[in-house]
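The values are calculated or read from the model by the stated rules, or taken from the named source; none is laboratory data. Source: prediction; values computed, not measured. Glycine gets a Cβ as well: all are built from the backbone with ideal geometry, and neighbour counts include every protein chain shown.
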Amino acid sequence: MSKTQLKQRTNAVEAAPVPQAKRYDEVFKRQAVENWIKTGKPGTQIARELGVSYPCLKDWKRRYYGDATPERADLAAENRALKAELARVREQRDILKKTLGIFSEPSKSAAKGSKP
């Protein structure tokens, strides 16, 4: 590379504008976090839609809302899982009741053998 080409390349790099850090007002930050929490969408998707970085969005959430977790829109799946667990627990309870009934009954052979 010649000195002229090197000088042109150096000048081009120096002339390029330095990207400025974006500044967002507090209202925007709070609304972004509220949107994330209420919609239940992934934080990366919300950040991409708003044109901010995901780490910034997480920082805003921690700053304004602490440990609040996004709501999940898939309540039907959670409901199905809870119903399945309830059915399993009821079945276990019924088995235990039957087992308790069997063990608490006096045995027939012991009753016959104890009479003289």
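List of remarks:
- Pair list, Cβ under 8 Å, 6 or more apart: the range 32-57 residue in contact (Cβ under 8 Å) with a residue 24 or more places away in the chain and at negative phi, other residue of a type in the set (A, V, I, L, M, F, W, C) and in a loop (DSSP other than H, G, I, E, B): Ala32/Val52; Ile37/Ala68; Thr39/Ala73
- If you go through the range 60-99 and keep only what is modelled with pLDDT of 90 or more and either among the basic types (Lys, Arg) or closer than 30 Å to Arg23 by Cα (or both), you end up with Lys83, Arg88, Arg90, Arg93, Lys97, Lys98.
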